[in-house]
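Novice: Pasting a structure here, questions to come.
The values are calculated or read from the model by the stated rules, or taken from the named source; none is laboratory data. Everything quoted here is computed from the prediction, not taken from an experiment. Glycine gets a Cβ as well: all are built from the backbone with ideal geometry, and neighbour counts include every protein chain shown.
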Amino acid sequence: HCLAVRAVCQREIDCDRGHGYSWKITLLRNYWKSKVKQDWLSGKYSNIPSQFSLPEKSMYPMDVDTWGEILEAELER
């Protein structure tokens, strides 16, 4: 699970590990973020008609760099 999460959230995982968090805590801190981030990066939410069309679990607190990655992926589509 940790490697799958790291594939999507490498910067976040490396930062948490650098701050001394255990793998268990790091996984708990980043698991749902990786799921939501992967959905955004894969284009799952690219053509929605309004914010009301987003599934309940489509948002997660993410930092500015993560949203930047998502925006770049959208601009490349």
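Novice: Run Leu28 past the list (1) touching an Asp or Glu at 6+ places or on another chain (Cβ under 7 Å); (2) closer than 17 Å to Arg6 by Cα and report the number of the one that doesn't hold.
Specialist: (1)
Novice: Test Val64 against the stated conditions and say whether it is at pLDDT 90 or above, touching a Ser or Thr at 6+ places or on another chain (Cβ under 8 Å) and not aromatic (Phe, Trp, Tyr).
Specialist: On the way: at pLDDT 90 or above: yes; touching a Ser or Thr at 6+ places or on another chain (Cβ under 8 Å): no; not aromatic (Phe, Trp, Tyr): yes.
Judged against the criteria, Val64 is not a match.
Novice: Only one of Arg11, Arg17 is under 16 Å from Ile70 (Cα atoms), charged (D, E, K, R) and at pLDDT 90 or above; which? So that I can check it myself, show each step before the final result.
Specialist: Values: Arg17 fails: under 16 Å from Ile70 (Cα atoms).
Being under 16 Å from Ile70 (Cα atoms), charged (D, E, K, R) and at pLDDT 90 or above holds for just one of Arg11, Arg17, which is Arg11.
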